[in-house]
Amino acid sequence: MMTIGEVFPGKTRILVVDDDSDLRLTLCEYLESRNFLVSSARNGSEAVALLKSGKVIFDIIFTDLIMPPGPDGLEVLKVAKDLNLFCHVVVMTGYSSIETAIESIRCGAFDYLTKPFKLAQIEIVANRILEYLILMSDNKRLSAQLALATEKSTAIDSRLERIESLLSRIIANMGEKSKTLTPLVF
């Protein structure tokens, strides 16, 4: 099975934010091996500074929820969404609860992962986000094509109406002329 990362190599930029250096480095190496462009931040402050710098626009952010002293993963999520509505954030946590899951999703998280997780789960989530982005792109492209086809159809309909009107007038004129012409008798 081919992954979307292989179909679009070098296009998807991922930021991994986690204060656990072993997990952060493992995630970065794994995602890079799957053809993603990966950056990392050691904590929420570093992530927020990187996001606000505008040097790199990230498509996907995997962020830990709790990173003392702060900002936490929800703040990273909020900043990311404020700066780029099309950024998809996945919140990861070892302190899972229904409340934090609901709050994460309410703030705009694409997904919520409980630690420990398998590396394959990270790739599955990243590919699911990419599939979503591809669907959105296809939707925009097809909507534009539909708008163009509708515009052309409207123009054609308008021309047909003018042609029908012109033909009606020609037929009416021909009818009037035929009344004024004397028929030839043989």
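Brief remarks follow.
- Vicinal HN-Hα couplings computed from phi for the range 45-54 (Karplus, 6.51 cos²θ - 1.76 cosθ + 1.60; Hz; Gly/Pro x): 4, 5, 5, 4, 4, 5, 5, 6, 5, x
- Note on residue 55 and residue 85: their simple-model spin labels are 2.8 nm apart, each label 7 Å out from Cα toward Cβ.
- Estimated from helical segments only, the mean residue ellipticity of the chain at 222 nm is -20000 deg cm²/dmol, where each DSSP H run of four or more residues counts as -39500 (n - 2.57).
- Pairs of Cα atoms nearer than 8 Å and 6+ residues apart set the relative contact order; for the chain it is 16 percent.
- The angle between the Cα long axis of helix 73-83 and the main principal axis of the chain comes to about 30°, on a 0 to 90 degree scale.
- Inter-probe distance in nm under a simple model that places probes 7 Å from Cα toward Cβ, at residue 13 and residue 140: 1.6 nm
- Euclidean distance between Cα centres, the range 11-36 to the range 82-121, Å: 16 Å
- In the chain, the sites counted are trypsin sites (Lys or Arg not before Pro) in DSSP loop states with at most 13 other Cβ atoms within 10 Å, and the longest stretch holding none of them, exclusive of the sites, is 119-186.
- Cα-Cα separations in the chain greater than 31 Å, expressed as whole percent: 39 percent
- Range of Cα positions in the range 1-101 per principal axis (Å), largest first: 37, 27, 25
- Taking every lysine pair in the chain that is 8 or more places apart or spans two chains, those with Cα atoms closer than 21 Å amount to 10.
- For the range 94-118, the residues whose backbone nitrogen is under 18 Å from a point 7 Å from the Cα of residue 78, taken along Cα to Cβ, are 99-110.
- Between residue 161 and residue 97, the modelled label-to-label distance comes to 6.3 nm, taking each label 7 Å out from Cα in the direction of the beta carbon.
- Cα pair count fraction exceeding 16 Å, expressed as % - the range 69-157: 65 percent
- Signed unit charges on C-beta, dipole axis of the range 80-182, positive-most listed residue 173, 148, 133: 173
- The 3J(HN,Hα) values that the Karplus relation (6.51, -1.76, 1.60; θ = phi - 60°) gives for the range 117-122 are, in residue order, 10, 8, 4, 4, 4, 4 Hz. Gly and Pro appear as x.
- Charge dipole magnitude, Cβ of K and R +1, D and E -1 - the chain, Cα centre, debye nearest 20: 1140 debye
FYI, it's all coordinate maths here, none of it is from the lab. As the structure is a computational prediction, the values presented were derived from the model and not from experiment. With ideal geometry, Cβ positions are generated from the backbone for all residues, glycine too; neighbour counts draw on all protein chains shown.
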